[in-house]
Each structure stands twice: as C-alpha cells, then as structure tokens.
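Notes follow the structure.
What follows is calculated from the coordinates using simple rules that are stated; it is not laboratory data. None of these values were measured; they are calculated from a predicted model. Note that each Cβ is placed from the backbone with ideal geometry, even for glycine, and that neighbours are counted across all protein chains shown.
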Amino acid sequence: AAGVIQSPRHLIKEKRETATLKCYPIPRHDTVYWYQQGPGQDPQFLISFYEKMQSDKGSIPDRFSAQQFSDYHSELNMSSLELGDSALYFCASSLGPSYNEQFFGPGTRLTVL
Amino acid sequence: KQEVTQIPAALSVPEGENLVLNCSFTDSAIYNLQWFRQDPGKGLTSLLLIQSSQREQTSGRLNASLDKSSGRSTLYIAASQPGDSATYLCAVKWGRGSTLGRLYFGRGTQLTVWP
C-alpha cells in the first residue's frame, strides 16, 4: 500500500539558510499535518491543512510557512534557520481532519550547522 | 491544558514476558487515541487506533484499551520479543474548537526486550 512520502530524507543547512521540505500524502488523503520532533522529545504539532486550506496552527515559528497544493502535496518552508531547528520533521496524512487515523511519513532529518 | 503522560519512561524485560504500557490524558473528551512505535531515528508506525466510542482494539500480540472516564489507555504486549524493542508513543486527538485534528503526544516508553 502507498505510504506518505517525504523528501528529502536528510538535509544539512547552515545557520540563516532556507530549507523546503516536501510531503506527498497517501492517495485520496485530503488532510496533511506537520510535526517537529527534537532530539529526545515527543513530536510537536506545527500546522495542518485540509482541502488546501490551513485548518490548524500549533507552535510553528513565524520563520516557517507551509501550504498545500492542488494535488494535496504540502511543502514546509523554513527560513533564517537556527541551530534549534535541527530536528526530525514528520508529515502525516489522513482522510478528513477529525476521526480518522493519521499515517506518518518516514520524516526528514534536518541538521543546521 | 491538554496533556498526555506515559509511564514508565523506560522498561527492560526478558523475552517472553507479557507487559503493559500506560498512557494517561487530562481531558476525557477525546476523539481518538493512537499508539505508535518508533525505532531510533526512524518514523512513526501506527499500531492501533481506538475511537472514543470503543473500549479496546487488538492487532496480533497487541491489545490497547481505553477508559475515557479515568483518562487512561493501556497497551498490552503479549509474549514480548527482542524485535519489540522500540519506543512506544501514545497520541491523543481532542476535537475542541480550532485544535481539531492535531495529535498530542506523550514522551513515550522506551522498551528493551532482551533474549
């Protein structure tokens, strides 16, 4: 069965650079979520989209922005990167934003030097 | 404040033992609860999803129960194997207002099963 695809899987950036993470949800899934997991931490919700509209916003820094496109894939744009942005970034998708199970991608490991 | 707590933080058991992982949450008005497995540096694998109207779910050697009134869920692993070694995360979805859909995670229980 098709799963959530994230690219790139690994990314190394310097401080103050920008990064773009991509997420391709499971076919027919219309809802995408982004989570950030710092070293030794639990995943923290960043932002979500339902039918290409932002549906919820968590602890996402103003330096970050995201959107969902017409084919339902999503991109997380991160600017002015800081050392503290080094983390595992997960994308998850679901069919609808409420009752259904969220399926997670393998994550993008971002390292900021 | 909506919080998810997992105990114990770490657990080390010999192969073959039956074990219970605990998850508690602060607000009983949940939509659903998911248990995940995470291997070191890897992604999250969904193990079981329990809807708010359900009391338990089973998949193979795994059984998850839900008691909304007490704000608790347990993950029961039968006949543990070394391959079960991983971190197990509990995540709750509450549906109040604008926070519909997001998952709130516990810190996880790091399980080690030794031969």
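The residue list A:H10, A:H29 contains one member that is surrounded by 12 or more Cβ atoms within 10 Å (Cβ to Cβ) and in contact (Cβ under 8 Å) with a residue 60 or more places away in the chain, which is A:H29. Within region B:33-68, restricting attention to residues that are away from every other protein chain (no Cβ under 12 Å) and of a type in the set (S, T, Y), the residue that is nearest to the chain's Cα centre (by Cα) is B:S65. Checked across region A:76-88, the condition of being within 12 Å of another protein chain (Cβ to nearest Cβ) and in a strand (DSSP E or B) holds for at least one residue.
Screening the candidates B:G16, B:G41 for the property of being in a loop (DSSP other than H, G, I, E, B) and closer than 22 Å to A:P39 by Cα yields one hit, B:G41.
When the criteria are applied in full, B:Y88 meets the requirement of being in contact with a Leu (Cβ under 9 Å, 6 or more places away or on another chain), surrounded by 17 or more Cβ atoms within 10 Å (Cβ to Cβ) and either on the phi < 0 side of the Ramachandran plot or away from chain A (no Cβ under 11 Å) (or both).
Each residue in region A:89-113 was checked for being more than 10 Å from every other protein chain (Cβ to nearest Cβ) and either in a loop (DSSP other than H, G, I, E, B) or over 11 Å from the mean Cα position of the chain (by Cα) (or both), and 5 of them qualify.
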